[in-house]
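Contents: one structure, followed by commentary.
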4 protein chains.
Amino acid sequence: MSKPTASDVTRQVKVFVRSHLLGNEPGLDAGGEAPPPAIGTFSALGLAGWWLPTSVGGGGISLEDSVDIVAELAYGDAGVAFTLFISILGSSMVELYGSDELRRTHLGGLVARRGFCATLASERQAGSELMRTSTTAVRQGSDYVITGEKHFSTNAAFAEFLVCLAGAPDDPARYLALVIPRETPGVRIEKRWDLLGVRASGTYQVSLQGCRVPATSALRGNGLRVLEVGLNASRTLIAATAVGIARRIRDLCLEYARTKPLKGATLLTNPVFAAKIGQMEMQLEAMTTQCKAAARDWDGVVAGADAAAELLRRGTLKSALVAKMLCGQLGWQIASAGSEMFGGIGYTHDHLIGKLLRDMRHVSVIEGGDDVLRDLLFTRYVVPTVAA
Amino acid sequence: MSKPTASDVTRQVKVFVRSHLLGNEPGLDAGGEAPPPAIGTFSALGLAGWWLPTSVGGGGISLEDSVDIVAELAYGDAGVAFTLFISILGSSMVELYGSDELRRTHLGGLVARRGFCATLASERQAGSELMRTSTTAVRQGSDYVITGEKHFSTNAAFAEFLVCLAGAPDDPARYLALVIPRETPGVRIEKRWDLLGVRASGTYQVSLQGCRVPATSALRGNGLRVLEVGLNASRTLIAATAVGIARRIRDLCLEYARTKPLKGATLLTNPVFAAKIGQMEMQLEAMTTQCKAAARDWDGVVAGADAAAELLRRGTLKSALVAKMLCGQLGWQIASAGSEMFGGIGYTHDHLIGKLLRDMRHVSVIEGGDDVLRDLLFTRYVVPTVAA
Amino acid sequence: MSKPTASDVTRQVKVFVRSHLLGNEPGLDAGGEAPPPAIGTFSALGLAGWWLPTSVGGGGISLEDSVDIVAELAYGDAGVAFTLFISILGSSMVELYGSDELRRTHLGGLVARRGFCATLASERQAGSELMRTSTTAVRQGSDYVITGEKHFSTNAAFAEFLVCLAGAPDDPARYLALVIPRETPGVRIEKRWDLLGVRASGTYQVSLQGCRVPATSALRGNGLRVLEVGLNASRTLIAATAVGIARRIRDLCLEYARTKPLKGATLLTNPVFAAKIGQMEMQLEAMTTQCKAAARDWDGVVAGADAAAELLRRGTLKSALVAKMLCGQLGWQIASAGSEMFGGIGYTHDHLIGKLLRDMRHVSVIEGGDDVLRDLLFTRYVVPTVAA
Amino acid sequence: MSKPTASDVTRQVKVFVRSHLLGNEPGLDAGGEAPPPAIGTFSALGLAGWWLPTSVGGGGISLEDSVDIVAELAYGDAGVAFTLFISILGSSMVELYGSDELRRTHLGGLVARRGFCATLASERQAGSELMRTSTTAVRQGSDYVITGEKHFSTNAAFAEFLVCLAGAPDDPARYLALVIPRETPGVRIEKRWDLLGVRASGTYQVSLQGCRVPATSALRGNGLRVLEVGLNASRTLIAATAVGIARRIRDLCLEYARTKPLKGATLLTNPVFAAKIGQMEMQLEAMTTQCKAAARDWDGVVAGADAAAELLRRGTLKSALVAKMLCGQLGWQIASAGSEMFGGIGYTHDHLIGKLLRDMRHVSVIEGGDDVLRDLLFTRYVVPTVAA
């Protein structure tokens, strides 16, 4: 049976969103069991992990097409979207820097079991400065023994495997990214965080208490750099989340305006309303354009010769940083404007805007706040252009 | 026994906040029974209704001093603050435009029973355009019979009395504001709204089904204008709420920065952090200044000869509009910046910033969104300056 | 001899900018004779009209590559850039909607004489509302006689031909765009405007006093729509101007920061500076991405079957609107930040930032201010999505 | 003859503005001879130096009233306003920290000759960090000999005297502020700066080549601190300049809107226009409020017992910092919005908005840019509140 094309998948995703997410936002926002039943429904449709490589049986859909898919999902619910796509962070690292066996076992496993993976990176004292990580992977014979406390890890509780950043005193790279099967003894979910938004997703504090994995579980390359590479894909899709949320806000504004009476007509014919929506539409288009451009940038490098080495050389791509920053900033402007659009009713849980505002906040907070990303952009992409 | 001075009261309020609000924010944010126990504690201290006129036994504290009191309360919890001060909207109308008997009975009652009053103004189809109100007060002999549906009314469920805006087909003014004792037959609380923030307060949908009150319950003057007068006081204190919330955000930032490690030092010594807090501090000072100015403006008019007539003539004061708009806008900038300040932890309910962001949103939404207030400012204060 | 490729041209343009613009900004800003000598130098290099169709001997360079060329030119001087590219507005209309003869004569003439064309659209009372144009083209036998007053027309004084929007009472389309050779009797340059920026360019008030042209000078299609089509190309390149100006501002900031002492080091190592430049760099990248996307959008349609009809059907492209709005808005943020970056010296004519700020303002003002474009975006691209 | 009251002066200033500034803006903007003839006219009316102490024959007008006067002047021309009020920086230092003789001679001289004074503070390498000043005042017997290069000094060329900040190796304070009569040998005007705005004023680069003054010319107290005190008054009036410019912009918008046709009516009745002007009006009111508050703060301290010592203790007042920052920021928002309001004509020198935009930029640039002031606010007013 031939693989479904990207547009097949996008079409199915739209149907899924209409059937299983729209109208169920309050339930998804309640923060119940993770993952919520809708995730199971999505998996049952054979759509989960759409981007996984065809070599292990995955859908092989490009990051550019994934932007559309994620925007569609986030139109319905950003927490569902996040749960579904964030495995790309770990899976990209394994795909690019894992041995054939790791790829076959773990990425193949994701496909076969329609499962999730999680990344263990940030720590309490090492949020934006991962080189300060205190988790260690110590070599013992043919194994690594990993010990540490990881602060935020989405999907960890129900993941198939974890990709963990650790200091590696015995390795020349000093940092490694290692694959840890979820059921490895010593992996402990300490708590689930009670998030402000994206509440259909599950983010956990995880401790690693002497987790033993074969040395072959280590991905090639400096772990800090390997993580940077993976973040290009996930940051682009986080940015796409903002697109979906923002489209939803625009549509709620329009729906409200069609019937809201104002000065003898409806809000829809009010020039101030038109000006606000015109501005939103402009921002939305620019957000979409930048997400697609970042995704094409990634797809281009990945399709090139020696993609893994090239990406290791380049690390954080400018286009992905810019996508996340732009979408976070313009998305917040849209959500802020939206949250003033519905009068009193917009300040109640009878309306979705409160949820959408909280969901939007996520975009600028995870995987590097703007202060961190501005600094990174300056250091990596501006300073080198300045002659001494 | 002599009345406590404003600074006595402010001092007591600070102690109350420290003892009964700080640390209890999650409980206050849970949206349980309204009013929450903390309100009872405040009342038991004899502090409730601090601004009520001394002529009926009230504290007689000026609006200028009330700004400080409300900012202190909102530093602890904006919902508690809102519950406590919003009676000023109704009480000001009664004080200025009620008969001696209405004042004695109802304002005296508020003092005696440490109670609340509520205002019934907005309707589903008449949010920002109150002249479209469909509630009516029909004259029947020596009574008015009031019928209508009111959309948002804070404190209504547990108020002593309600001040209701109604169309009055029999009255030359065409609109009246009338005092309706809460226990009047036909007053029905339809539902409590589930608000996004200020969740310690209670806001209700209320229906009036043929509520009969003596004609003497009508306040003097066109009800639309009488309401405008009262809104000057409440808008100024809503603005003061933003000051309190913003101070709290600043202090949480500082507390976080003292210990947050960054590049070998703490965040507190980071110049980007200093720049953000310097900007916040500037905004906070401007917000405070404008609140105080609006309050002094009101106090000045109220202290003048024939204050009631003068206020009816002036209606909406520019200074109060500006205070609410400025504090709402700069407050939202502060809350937005704050919500990006705490990394991942700031996106969880383990941190207060999510609540403070939601509480802040209230300021720009109630008693006229900025679109409405910009239009009002233009129509009332700019157009008249333009020669034809 | 084979045509130079786009990258050849871009390389030559960079050399031209370095040799003839950088360092001569004060002279270019002085607003002397238009066009300034640098334009002649550019033409002598055979670079002028690089986008003109190869069928008439032009360079045939795509709009996507033109974005790079214009950004390079505007890095040197936005007025020079504007003078050089704005002919694309008229030439695109003639290329798409002119007869073979008009194309051969007038576009061929531009190539042969390295000349310019100008567009006559806006009028004193018809700036943003071109359907209110009072210029008329009246049919007299086989001619049109054109009469009217046109407010702003760049390059008109030294153009080879003018493309004029006029009401056409005798034509079913009611509006026509007509080619008027510059030397046609009755074309009068009333004045040159003294612009705030882009002062190397020349913009004129023009009157048409019974200008007679053959009826074949009329372009096919409703003139309002034909003009809309042409604006897609020019708006995209106006947006590209912002990119060039903004890059120049960034580079001036970096140059200044390298030597500016601050707290015992240089400004370049100051985190607040890094944050500002990081933000600028993000904005610059998003601006560039959107310009390229708009240009590719145009190039795609133009390369398609029946481009002229398709463009007439679509009129104003969303991507071009968004490019101009985004680049104007983010460009102004960059210019505003830049204008505070250089201390007192930045407030003098000893520094370029004042010129760059004035040049940047142009982007949001010409060919539709943001109010007009927001309204257009809403009307064309949002309203049709709203079910009645 | 009794002194004119503040309202007399304000009234006269309004007449002066109407008679001598309005309509003459292009000439004032041309940057001709400084001071321009209008300054002489103002002086001839006996209005110059209105704030100088009555003890030396000055007008004794408060800073609060000076805010109104400066706003009126800046409504006409910000450069004229700046020329007229900036002497307050030097005169305040002399008034508070000069000997009786210095006060009598120099402030008395200002009154008698309707003259100006200038301050010499910033240097090429010591703009925002005055403690890095390299100008020195070396004790020689009963004299100080002052040598250095001062970068920006307004009014210096035609001042009666200069107040100069210098390092004082022989003085325990290490820095001194000294009065140098303008005609002192060794004072040399190196050049007049060609400013972007406020072009009716004159700002100069000045060198001091062994200028000898009696030791009694030194003001009491650490020179850096003395300067800080004086800056409170001048920063407040710089903020007031923004108020005047912004009022002018608003009025130009209204004037334009009254006749500009739009969609079958005039712009004045357009809701988007109303919203913009409503927002401007809000900002203008907040700016005015903060200027007045800062001025009252200063007036209050100055009227108190031991004002000089109290001010030396407090240095930079928060209210003045906030006034300059707020007015600079909101003023720039108003000017930016204004510069998009007038279509193409607003991009020409036929309209005043270009000048007003350039004049407004001055506010955020002089006497400390916002980066410097944010840092100062943080260091002086936030850090001390943070327990170690």
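Inter-chain Cβ neighbour count for A:119-126, averaged per residue, equals 1 (cutoff 10 Å, partner chain atoms only).
By DSSP, the beta bridges lying fully in the protein assembly as shown are antiparallel in about 85 percent of cases. Per-residue ellipticity at 222 nm from helix content only, as computed over the protein assembly as shown with -39500 (n - 2.57) for each DSSP H run of at least four residues, stands at -15000 deg cm²/dmol. Expressed per residue, the C-alpha convex hull volume of region B:64-146 stands at 146 Å³.
Residue by residue, region B:167-182 carries 3J(HN,Hα) couplings of x, 10, x, 8, 9, x, 6, 6, 9, 10, 10, 10, 8, 10, x, 4 Hz when phi is fed to the Karplus relation 6.51 cos²θ - 1.76 cosθ + 1.60 (θ = phi - 60°); x denotes Gly or Pro.
Other protein chain C-beta atoms within 10 Å of residue C-beta, averaged over B:266-278: 6.
Computed from point charges on the beta carbon alone (+1 for Lys and Arg, -1 for Asp and Glu), the dipole magnitude for chain A about its Cα centre is near 260 Debye. Excluding residues on the same chain fewer than 8 positions from A:LYS14, give the lysines whose Cα lies under 20 Å from its Cα. Candidates past the 8-residue exclusion: A:LYS3, A:LYS292. Straight-line cross-link reach from D:LYS260 at under 13 Å between alpha-carbon atoms covers these aspartates and glutamates, not counting any fewer than eight positions away in the same chain: C:GLU123, C:GLU129.
Taken residue by residue and averaged, Cβ atoms of other chains lying within 10 Å of the Cβ of D:283-294 number 6.
Sorted from shortest, what are the nm distances separating the label point of C:PRO181 from equivalent points in the other copies, each placed 7 Å from Cα along Cα to C-beta? Label-point distances to the other copies, shortest first: 7.7, 8.6, 9.6 nm. The packing ranking, built from the mean of other Cβ atoms within 10 Å per residue, places the peptides D:148-161, C:280-293, A:229-242 in the order A:229-242, C:280-293, D:148-161, highest first.
With +1 assigned to the C-beta of every Lys and Arg and -1 to the C-beta of every Asp and Glu, and no other charges, what is the dipole magnitude of the protein assembly as shown about the Cα centre in debye, to the nearest 20?
On the way: 160 positive and 152 negative charges, 0 e Å.
Around 0 debye, computed over the protein assembly as shown.
Both radii were evaluated on the Cα set of the protein assembly as shown; the Rg over Rh quotient, with Rh as the Kirkwood radius, amounts to 0.97. For the chain pair D and C, buried accessible area totals roughly 3600 Å², probe 1.4 Å, rounded to the nearest 100. Electrostatic bookkeeping for A:ALA274 treats Lys and Arg as +1 and Asp and Glu as -1; over the other residues with beta carbon under 9 Å from its beta carbon, the sum is +1.
Other residues lying with their Cβ under 10 Å from the Cβ of A:LEU89 contribute a combined charge of 0, Lys and Arg counting +1, Asp and Glu -1.
Placing unit charges on the Cβ atoms of the charged side chains and taking the dipole of region A:155-283 about its Cα centre, the candidate lying farthest along the positive direction among A:GLY186, A:THR266, A:LEU231 is A:THR266.
Scanning residues 5 or more positions from B:TYR144 or on other chains, those with amide H under 5 Å from its amide H are B:VAL213, B:ALA215, with H placed 1.01 Å from N in the peptide plane.
In order along region D:6-12, the Karplus-derived 3J(HN,Hα) couplings, from 6.51 cos²θ - 1.76 cosθ + 1.60 at θ = phi - 60°, round to 4, 6, 4, 5, 4, 5, 5 Hz, and Gly and Pro are given as x.
Taking the 1.4 Å solvent-accessible surface of the protein assembly as shown as the whole, the part contributed by carbon and sulfur is 52%.
State whether region B:1-133 is rounded, prolate or oblate according to the following rule on the C-alpha gyration tensor (a ≥ b ≥ c being the square roots of its eigenvalues): a/c under 1.5 gives rounded; otherwise a/b larger than b/c gives prolate, and the remaining case gives oblate.
Here region B:1-133 falls in the oblate category.
Report note on the peptides D:39-45, D:316-322: ranked by the mean count of other C-beta atoms within 10 Å, highest first, their order is D:316-322, D:39-45. Of all DSSP beta bridges confined to chain B, the antiparallel ones make up roughly 85%. A label point on B:PRO214, set 7 Å along the Cα-to-Cβ line, lies at 8.4, 9.3, 9.6 nm from each of its counterparts in the other copies, closest listed first. Defining the label point at 7 Å along Cα→Cβ, can you sort the distances from B:VAL383 to the same site in each other copy, shortest first, in nm? Counterpart label points of B:VAL383 in the remaining copies fall at 2.4, 5.2, 5.7 nm.
If you average 1/r across every pair of different Cα atoms in region D:99-223 and take the reciprocal, what Kirkwood value do you get, in Å?
Details: mean 1/r = 0.0684 Å⁻¹.
One over the average 1/r among Cα pairs gives 14.6 Å for region D:99-223.
Lys and Arg at +1, Asp and Glu at -1: add these up for the other residues within a Cβ distance under 11 Å of B:ALA137 and post the number. Write out the running numbers ahead of the final one.
Values: positive: B:ARG139, B:ARG174, B:ARG212; negative: B:ASP143, B:ASP170, B:ASP171.
Summing Lys/Arg as +1 and Asp/Glu as -1 gives 0.
Amide hydrogen proximity for D:SER201: with H placed 1.01 Å from N in the peptide plane, no residue at 5 or more positions away or on another chain lies under 5 Å. Residue-wise HN-Hα couplings along region A:44-53, as the Karplus relation 6.51 cos²θ - 1.76 cosθ + 1.60 with θ = phi - 60° gives them from phi, are 4, 7, x, 9, 4, x, 4, 8, 5, x Hz; Gly and Pro carry x. For region D:176-265, the ratio of Cα radius of gyration to the globular rule of thumb 2.2 N^0.38 Å stands at 1.79.
Is chain A best put as rounded, prolate or oblate by its Cα gyration tensor, with a ≥ b ≥ c the root eigenvalues, rounded for a/c under 1.5, and otherwise prolate when a/b is larger than b/c, oblate when not?
Values: a/c = 1.81, a/b = 1.63, b/c = 1.11.
Since a/c reaches 1.5 and a/b is larger than b/c, the shape of chain A is classed as prolate.
Per-residue SASA remark: B:ARG139, around 110 Å² accessible (1.4 Å probe; ligands, DNA and RNA not included). Choose one of A:PRO214, A:GLY197, A:TYR175: the residue whose Cα lies farthest towards the positive end of the charge dipole of region A:138-216 (beta-carbon charges +1 Lys, Arg; -1 Asp, Glu; about the Cα centre). Looking along the dipole axis, the top candidate is A:GLY197.
Mean separation of Cα pairs under 8 Å and 6 or more residues apart, divided by the residue count, gives chain B a relative contact order of 17 percent. Projecting the Cα atoms of D:ILE69, D:ILE86, D:GLY98 onto the dipole axis of region D:57-108, where Lys and Arg carry +1 and Asp and Glu carry -1 at the beta carbon, places D:GLY98 farthest toward the positive end.
The amide H of D:CYS117, built 1.01 Å from its N in the peptide plane, has D:SER87, D:GLU160 as neighbours under 5 Å, considering only residues 5 or more places off or on other chains. Rounded to the nearest 20 debye, the dipole magnitude of region C:284-388 is 140 debye, with +1 charges on Lys and Arg beta carbons, -1 on Asp and Glu beta carbons, and the Cα centre as origin. Of A:SER91, B:SER134, the order by accessible heavy-atom surface (1.4 Å probe, DNA, RNA and ligands excluded), from most exposed downward, is B:SER134, A:SER91.
The values are calculated or read from the model by the stated rules, or taken from the named source; none is laboratory data. Nothing here was measured: the structure is a model prediction, and the numbers come from that model. Cβ: placed from backbone, ideal geometry, glycine included. Neighbour counts: every protein chain shown. Ligands, DNA and RNA are stripped out before the accessible areas are found, and what is left, the full protein with its side chains, is counted by its heavy atoms. Shrake-Rupley method; radii C 1.70, N 1.55, O 1.52, S 1.80 Å.
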